[in-house]
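A short worksheet on the structure shown next.
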Amino acid sequence: MTASNHLNCGDLTEFIDTMLELLIAGQERILDELIPKNGCD
């Protein structure tokens, strides 16, 4: 293992941002499926 194999701060921040985006997108998709589109008026 060399130092170049480790994530630096920039890579880690970008990775976390990507994971958060995927998590939020997944939650929105789940909510869209749980909440009826034409439910209560």
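The values are calculated or read from the model by the stated rules, or taken from the named source; none is laboratory data. Predicted model only: the values in this text are computed from it and were never measured. For neighbour counting, all protein chains shown are included, and Cβ atoms are generated from backbone atoms with ideal geometry for every residue, glycine included.
Observations
- Close pairs from region 12-34: first free of Cβ contacts under 8 Å to residues at least 24 places away in the same chain, partner surrounded by 10 or more Cβ atoms within 10 Å (Cβ to Cβ), Cβ under 9 Å, at least 6 apart: Phe15/Leu7
Residue by residue, here is whether (1) part of a helix (DSSP H, G or I); (2) of a type in the set (A, V, I, L, M); (3) at pLDDT below 90; (4) touching a Ser or Thr at 6+ places or on another chain (Cβ under 8 Å) holds:
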position: Met1; (1), (2), (3), (4): no, yes, yes, no
position: Ile16; (1), (2), (3), (4): yes, yes, no, no
position: Gln27; (1), (2), (3), (4): yes, no, no, no
position: Asp32; (1), (2), (3), (4): yes, no, yes, no
position: Asn38; (1), (2), (3), (4): no, no, yes, no
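- Residue that is modelled with the highest pLDDT [pool: residues in region 3-14 that are loosely packed, with under 10 Cβ neighbours inside 10 Å and either among the basic types (Lys, Arg) or assigned to a helix (DSSP H, G or I) (or both)]: Gly10
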